[in-house]
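Just below is one structure, and these are the notes that go with it.
FYI, it's all coordinate maths here, none of it is from the lab. Computed from a predicted model, the values in this text were never measured in an experiment. Positions of Cβ are generated from backbone atoms using ideal geometry, with glycine treated the same way; all protein chains shown enter the neighbour counts.
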Amino acid sequence: MKIGKRYGRIAALGAAAALLAGCGGADEPAGKALNGKQVQAVLPDETALPGWKVGRRDEAEPLPRVSRAQLCGSPDDKKTACDGLRFYSQGHYTSPDERYSVIVSVFAAEDTDGAQPAYDFLWKRVLDSAAKPQKIDSGVLGDEHDAFRTDYGRTGGPAAQIQVRVGATVLQITGEAGPDDELDADAIVDLASVVTERAEQAGRGSTPSAALGD
């Protein structure tokens with residue numbers, strides 16, 4: 001089993017919405033590379049997550065070489081597994097009962113060949129830092145995915161991590177609760193399903209519209 005953790009904004013990598021009108025059909029491939037506006041549109045808004053508190057939805061930022069190197073923990077003059085990544089954005093959410101938070105990170109590569117090594121590296125980094133992870137059933141998500149939960153997250157309580165690849169896009173969905181709170185792993189999976197579908201819609205050139213309850 002491969003296993004997960006979250007990564008912060010580009011400014012903190014060393015230490016740690018414009019919706020698009022489209023005409024793509026549901027039967028078209030969803031693996032196209034996303035531009036910055038599409039990356040940001042993948043992040044769910046209040047309409048997509050009824051009942052959830054939607055916090056910051058950061059504008060998508062380009063990933064220059066130095067940021068890709070920091071993300072992969074390598075000198076900026078060396079080739080890294082993150083070299084194929086081009087854009088990054090992150091959204092912050094709070095569960096309806098306010099007992100846990102979720103961070104959604106979207107990494108867009110130039111193509112599938114650029115996304116695959118980044119996916120493998122990021123998940124290995126998550127696995128190496130996970131404490132007693134337990135695999136969770138997350139159904140079928142994207143072209144590939146991994147998922148686990150643990151009782152020992154970074155905030156001192158339970159946490160869950162799901163990582164998904166949709167063509168040239170890598171998604172990370174991280175749920176974290178405090179030491180005295182509970183985490184609904186099924187709700188994290190549901191949210192991951194929404195984010196995955198929105199990435200698939202964007203990859204087909206359509207406006208991301210998937211929402212909880214669809």
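When each of the peptides 40-51, 104-115 is scored by the mean number of other C-beta atoms lying within 10 Å of its residues, the order from highest to lowest reads 104-115, 40-51. Spin-label model, Thr155/Asp128: points 7 Å from Cα along the beta carbon direction are separated by 2.6 nm. With a cut-off of 19 Å on the backbone N, the residues of region 90-131 near the modelled label site 7 Å out from Lys79 along Cα-Cβ are 109-122. Protection proxy ranking, highest mean first, for peptides 129-142, 168-181: 168-181, 129-142, where packing is the per-residue count of other beta-carbon atoms within 10 Å, averaged. What the Cα atoms of region 95-187 give is an Rg and a Dmax of 13.5, 42 Å. By definition, a body whose alpha carbon gyration tensor gives a ≥ b ≥ c is oblate when a/c is 1.5 or more and a/b is not larger than b/c, and region 86-137 fits this oblate description.
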